[in-house]
1. If a residue must be part of a strand (DSSP E or B) and modelled with pLDDT of 90 or more, how many such residues does region 364-400 contain?
2. Tell me which helices (runs of 4 or more DSSP H) are completely within region 272-347 and hold 1 or more residues being under 20 Å from L233 (Cα atoms) and at pLDDT below 85, or say none if there are none.
3. Name the residues in region 57-95 that are within 21 Å of Y141 (Cβ to Cβ) and of a type in the set (S, T, N, Q), would you?
4. Every residue in region 15-46 that is among the charged types (D, E, K, R) and either modelled with pLDDT of 90 or more or in a strand (DSSP E or B) (or both), please.
5. May I ask you to list the residues in region 34-55 that are within 20 Å of F66 (Cα to Cα) and charged (D, E, K, R)?
6. Taking into account only those residues within region 15-29 that are surrounded by 21 or more Cβ atoms within 10 Å (Cβ to Cβ) and not aliphatic (A, V, I, L, M), which is farthest from the chain's Cα centre (by Cα)?
7. Do we find a residue being at pLDDT 85 or above, surrounded by 20 or more Cβ atoms within 10 Å (Cβ to Cβ), in a helix (DSSP H, G or I) and among the β-branched types (V, I, T) anywhere in region 213-228?
8. With R124, R109, R56 as the choices, which residue is charged (D, E, K, R) and surrounded by fewer than 19 Cβ atoms within 10 Å (Cβ to Cβ)?
Amino acid sequence: MSKLALPTEMSHERAFLVGVEIKDKSNLLPVEDSLRELALLSQTAGLMVVGNTKQRIRRPNPKTYFGSGKIEEIKALVEETLTDVVIFDDELSPRHQRELEPLFGDEVRILDRTALILDIFAMRANTREGRLQVELAQYEYRLPRLTRAWTHLARQAGGGGGRAGSVGGVGLRGPGEQQLEMDRREIERRIAKLRRELEKVRAHRSRHRDRREREEIPTIALVGYTNAGKSTLINRLADANVLVEDKLFCTLDPITRRIKLPGGQEALITDTVGFIQKLPAQLIAAFRATLEEIVEADVLLHVVDITHQNAREQILAVRETLREINIQNQTIVTAFNKIDLFDESERSCLHIDSVERGIPISAMKGEGIPALLAAVENELFSRMKPLQVMIPYGNGRLISLFHEKGIVEETEHLNDAVMISGRIPLRYYAGFKDYRLESAQMEAGQHSEE
C-alpha cells in the first residue's frame, strides 16, 4: 500500500484508490501512471487521497472484481486509513458494485473512475447545455445500478460548502435527492426527455454552423488531453478571458472566439472539452452535440503537454477518442505546449519532427505562436484550386470574396460581369459553382440557340 498524503484542515472526504493490471489486456498507461491520474481526478473532485493499492490479475472476479484475499487486504487498509470512499480505476459493472457495497459496510462508499469523472463534469458544467449533457450521462450510468449503492447520494454534503450529492458526501452531483427514489420507468422517461432537449441543442448548433459557413469564416477546433493548456492557448490567440487552473477538466463548456491569422484572414477557434484515457462512453454519447464542433471544423489544433511523462500516451488517447467520434481524415496541426519549462539542451532532445505539422510553443509565454498560426493558416488556405469565373456585377460579395480569400491572376471587366481567373481555397470552391466559366459559357450558348 502506498500512503500518499496526510489529512489537512481543508480535507473532508478521504479516498483510497484501487488499480488493476489485467494480464493480456493492452492498457494505454501503466497501472502506476493510471493511479497517479486517478489521484489527480480525485483531488480535482475535492477528495483527500490517503493511499492506493494495485494488483495484477488474469481476469476480474465475476462477483467482486478481486479475489477474497485482496478484498480483505483492501478492507484492512481502508480501516487503517479511515477511508470514506474507495475508488476503483476501472468502470465497475453493476454486479460488481452490488456485491462490493455490503462487503465494505454503510460507512464506506464504492465509486469507480466513470462515476468520479461524471462528478467532475457535473461540477464544471456551467451552461444549460453542459448540465443537460452531464445529467443525461449520469442517468444512463445510474440506470443499471438502481440499488442501495445510490443511497449515499441522499446524504447532505459535509463541510466546505458542498451540495447534496456532491463530493462533500462523495457521489454524483446533479440530479438531486428527490430523484434518487425514481424507479426505472421514471428515469427512462427522464432520459428520453433529456435526449429530446439535446436534439434541440444539436439543431441549434447546426444552424449556427450553417450561418458561419455562409459567412465563409474558417473554423479551428482545439483538442487535447485534459490540462494540456488549451484554455491558456485560446486566451493567448484571442485575447480571451477563459478560466485557467492547474486542474483536470477545468473547461467543460465550449468557448468560441474570433482570431486573426497572419495574412489578415479571420477565423473562429473553439475550445472543447479535454479528453482523458478511459473517457466514459456515456459522456461521449451525451456530448455528441458539442463534439460535432470538432467534426465540422476545418482544422484541428491538437495541444500536447510535451513536458508530461506520458505525453506520447496522451496523444494516442486523443487520437483514439477522435476515432470514437468518427474523425478520421481531418487535417491536424499539433502544438507541443509548455516548452518554456525545458532548457535548451532538453529542447534539442525533443522528437517533435516525427509528428507531421508539429510546432513547439509556449502558450503561457507566447513563444512559437507566430509559427503555429502560420501553420494553421497554411492548412486552411494553401490548398488552392484553379478557378475561372464570370460573376455579374450585382454579386459584389462573391467578387470581393475571390479577392479577399483567393489569389487573383487575371481580371477582365465586361459589360455585365467581371471575369476572374486565379486560385481559390478548396473550402470556398463550391460557392462559385454557378459562376464557373464553363457554367457561364454553357448558359450563354443556350441563350444564343434560343
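1. At the first step, the residues of region 364-400 found to be part of a strand (DSSP E or B) are 367, 384-392.
Restricting the remaining residues to those that are modelled with pLDDT of 90 or more gives 367, 387-392.
Going through region 364-400 one residue at a time, the tally reaches 7.
2. Numbers: elements: 281-286, 288-295, 311-324.
Because the criterion is at least 1 residues that are under 20 Å from L233 (Cα atoms) and at pLDDT below 85, the helices (runs of 4 or more DSSP H) in region 272-347 that meet it are 288-295.
3. Listed by number, the residues that qualify are T64, S93.
4. Initial filter on region 15-46 (among the charged types (D, E, K, R)): 21, 23-25, 32-33, 36-37.
E21, E32, D33, R36, E37 - these are the residues of region 15-46 that are among the charged types (D, E, K, R) and either modelled with pLDDT of 90 or more or in a strand (DSSP E or B) (or both).
5. So the first thing to find is which residues in region 34-55 are within 20 Å of F66 (Cα to Cα), and the list is 34-35, 38, 51-55.
Once the filter is applied, which keeps residues that are within 20 Å of F66 (Cα to Cα) and charged (D, E, K, R), region 34-55 yields only K54.
6. Looking only at region 15-29, we keep the residues that are surrounded by 21 or more Cβ atoms within 10 Å (Cβ to Cβ), and these are 15-20.
Still in the list and also not aliphatic (A, V, I, L, M): 16, 19.
On the way: F16: 27, G19: 24 Å.
Ranking the candidates gives F16 first.
7. no
8. Working: R124 fails: surrounded by fewer than 19 Cβ atoms within 10 Å (Cβ to Cβ); R109 fails: surrounded by fewer than 19 Cβ atoms within 10 Å (Cβ to Cβ).
On inspection, the qualifying residue turns out to be R56.
The values are calculated or read from the model by the stated rules, or taken from the named source; none is laboratory data. All values derive from a computational prediction rather than experimental measurement. We place every Cβ from the backbone using ideal geometry, glycine too, and count neighbours over all the protein chains shown.
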